[in-house]
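Here the structure is laid out as structure tokens; the discussion comes afterwards.
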Amino acid sequence: MNHAQEQAAEYGSIFAPRELKLDDGTVIVVPPHPNLRMFDDDAQEKLEALEVDIQENCDREPDIYIPEQKVKDNAGNEMVLPAETRPGALKQPFRKRGKPMKPPYSVQVVQIALGEDYEKLRTGTIDGKRGSAAHVWRLWNEQGSSLVKRADADPKSEGSSGDLAEATAPDSQ
């Protein structure tokens, strides 16, 4: 657990690692969702290598050609945007040369996140069912829901449901 995760756990933050309890009482500590970039250094390096591999080696839809375009800026000046070709979207599920990734991306992310604890998850059970990456993703999805609720309730967040009190008039101009 890195320093940020320790602080989050100490203060009960929604950014804190979560615990996944197996039926035999074993507890697996699950780091925060990968998008929060709170993995330890080694796991973060592996995750980024996986992301590079996907971007550079997985199959894509056909490239997208965008022809030259003439546009005007706010002042009415005309500009020409050159033609360009953009790579097509990655095919889902991720595959290489037509064959699905093995193990699938979602499983690889959990393997990276849990490290050696992944084997404990797979050999254990949760509510009588074999442990799987889906159990970890369920925790991460719950964490994401908590983040959304927090942002919605925070009056400082754009689009929140919280009410901002009207600012008082200044004492002087």
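The values are calculated or read from the model by the stated rules, or taken from the named source; none is laboratory data. Just so we're clear, the structure is a prediction, and the values are computed from it rather than from any experiment. Using ideal geometry, Cβ is built from the backbone for each residue, glycine included, and neighbour counts are taken over all protein chains shown.
Structural remarks
- Close pairs (7 angstrom Cβ cut-off, 6 or more residues apart or separate chains): of a type in the set (A, V, I, L, M, F, W, C) in region 119-133, surrounded by 12 or more Cβ atoms within 10 Å (Cβ to Cβ) and not in a helix (DSSP H, G or I) anywhere: LEU121/ILE28; LEU121/GLY131; ILE126/LEU22; ILE126/ASP23
- Qualifying residue in region 49-67 (condition: closer than 30 Å to ILE126 by Cα, in contact (Cβ under 8 Å) with a residue 12 or more places away in the chain and not charged (D, E, K, R)): yes
- In region 1-99, counting only strands (runs of 3 or more DSSP E) that sit wholly within it, the ones holding 2 or more residues that are loosely packed, with under 10 Cβ neighbours inside 10 Å and modelled with pLDDT of 90 or more span 69-72, 78-81, 84-86.
- Every condition in (1) within 20 Å of HIS33 (Cβ to Cβ); (2) surrounded by fewer than 15 Cβ atoms within 10 Å (Cβ to Cβ) holds for GLN108 except the one numbered (2).
- Test result for ALA113, surrounded by 17 or more Cβ atoms within 10 Å (Cβ to Cβ), modelled with pLDDT of 95 or more and either under 20 Å from the mean Cα position of the chain (by Cα) or not β-branched (Val, Ile, Thr) (or both): yes
- Selection status of VAL148, of a type in the set (A, V, I, L, M), part of a helix (DSSP H, G or I) and surrounded by fewer than 14 Cβ atoms within 10 Å (Cβ to Cβ): yes
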